[in-house]
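The values are calculated or read from the model by the stated rules, or taken from the named source; none is laboratory data. Please read all numbers here as calculations on a predicted model, not as lab measurements. Here Cβ is always computed from backbone atoms with ideal geometry, including for glycine, and neighbour counts include all displayed protein chains.
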C-alpha cells in the first residue's frame, strides 16, 4: 500500500516554522487589540450561493477555483475561498449591524482550487479585518494606518501601498460602457482571458498580468473621468490623511481588485521580493455588499492578508531566528524521572511562563546535556538519586559563567525567578 500524502497545494506547518506563524499571528492580534477590533470566527463551510452572490458569478474564483460539493441532503456547500462574505453573513444573521457599528477581525484557512506555486496554495491562511457602518474616509485611513503599523511591528521593509478608487456602482457602470467600447476596437489583440471577460467583467482586463496586454491596458480610458464630486472628495480626503500621517503610496488607476463587491477605495500592499505573487495584503470598500446578501444597507470596508506571503517575506529578509524551546532543562539520573516530573510541576505552578522541559526516554548524562544545549535552555536542573534523597536539585549554568550548585527544592522557585530575570 502506497504512502498517503498531503493534498497537492495543501501543506503541513512543521515545528521549525510554526513559531514564526505564531509570531506573525500574535503580532497582528496585538495590533487589532490596540485599534479596538474584536475577533469573529466563522465556519470554513458555507452555502455556495453566499459566494456566488457576494463575489460574482463571472469571477475566476466562482468559475474556476471554488471547492464546491453536494452534501448528503443535496445542499451545495463550498469551502470558503475568502473571508469577507462569511463575516457579512454572520453579522446579518446575528443582528450585529442593526443600528450599530462594528470593528471585527478574523483568521483561518481559505481554499481555492488553482495551480499551486510559490505564494499561492490551494489551502492558504488569511488574517482579515472588516469595519461596518462608517461612511467617511476616516475609517479607510484607519485601516491603512493599521496595516502600516503591522509592517512596522513585524519589521517588514520594501512594502509599497498602491491605491485607487472605483467610485460608486453607478459611476463604474458608466465607465464600464466606455471601457467595453474601447476594448472592442482592440478585440483581435485581446488574450483569451480578456476576451472572455469583455462583456462579463471588463474591469478585470485592466488587471491582466499578460505582458502582451500591457500596451492596450495603458491606453484604456480612465475611471477618474466618470467619478462624481462625492467620490472624488472621498478619495482626496483619504490621500490627504495618508500624506499627513507620512504613509507613502502610489495611485494605480489600473488597480481594480478581483471581486465584484468592491466600490470606492481599493488598495494593495505589494512587494517586489516575492516574484509574481507580490501582493501580501489587499482590500477596499464594499458599501453595497450587506444589502446584496440580504441585510439592511450598511457601509463596509476591510482587507485580507495572506499569512504565507508575509512569512515568505520575513524569511526572505532573513532577520528572524528560531527562539529557544526552554529556559530550563531537567536532566535525570537513575530512577528519578517521575520525581523530576513532580518537581517540574511545582516549578511550573510557581513560575508561570517559564519554559521547563523534562528529559524523557532515558539516556546518559552526555546525551541528555546535548539535548539540553540544543533546547537553548540557560540552566540545567539535575536530579539523581543522591539529590532526591537529600531533597535538593542541582542547578548548572549552560550559557554563562558560574558554578553548579545544589538548592533545596522549596528554595528553587525564588532562586530561579531571580536568575532568569
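Observations on the model:
- Any hit, segment 98-114, residues being under 20 Å from residue 286 (Cβ atoms), in contact with a helix residue (DSSP H, G or I) (Cβ under 8 Å, 6 or more places away or on another chain) and exposed (fewer than 15 other Cβ atoms within 10 Å of the Cβ): no
- Residue satisfying all of: in segment 116-131; over 20 Å from residue 51 (Cβ atoms) and part of a loop (DSSP other than H, G, I, E, B); modelled with the highest pLDDT among these: 116
- Residues located in segment 335-358, provided they are in contact with a strand residue (DSSP E or B) (Cβ under 6 Å, 6 or more places away or on another chain), over 14 Å from residue 417 (Cα atoms) and not in a helix (DSSP H, G or I): 336, 357, 358
- Residue within segment 340-355 that is loosely packed, with under 13 Cβ neighbours inside 10 Å and either in contact (Cβ under 8 Å) with a residue 12 or more places away in the chain or within 16 Å of the chain's Cα centre (by Cα) (or both) present: no
- Identity of the residue in segment 204-220, in a helix (DSSP H, G or I) and in contact with a helix residue (DSSP H, G or I) (Cβ under 7 Å, 6 or more places away or on another chain), that ends up surrounded by the fewest Cβ atoms within 10 Å (Cβ to Cβ): 217
- Looking across segment 221-249, the residues that are touching a strand residue (DSSP E or B) at 6+ places or on another chain (Cβ under 9 Å), more than 24 Å from residue 170 (Cα to Cα) and surrounded by 12 or more Cβ atoms within 10 Å (Cβ to Cβ) come down to 242, 247, 249.
- Here residue 303 clears all of (1) touching a strand residue (DSSP E or B) at 6+ places or on another chain (Cβ under 9 Å); (2) modelled with pLDDT under 95; (3) closer than 30 Å to residue 87 by Cα except the condition numbered (2).
- Filter result for residue 266 (closer than 22 Å to residue 233 by Cβ, surrounded by 17 or more Cβ atoms within 10 Å (Cβ to Cβ) and out of contact with any helix residue (DSSP H, G or I) (no Cβ under 9 Å at 6 or more places or on another chain)): yes
- Exactly one residue among 40, 92, 31 is modelled with pLDDT of 95 or more, under 18 Å from the mean Cα position of the chain (by Cα), assigned by TED's automatic domain parsing to the domain that holds residue 262 and more than 27 Å from residue 278 (Cβ to Cβ), and that residue is 40.
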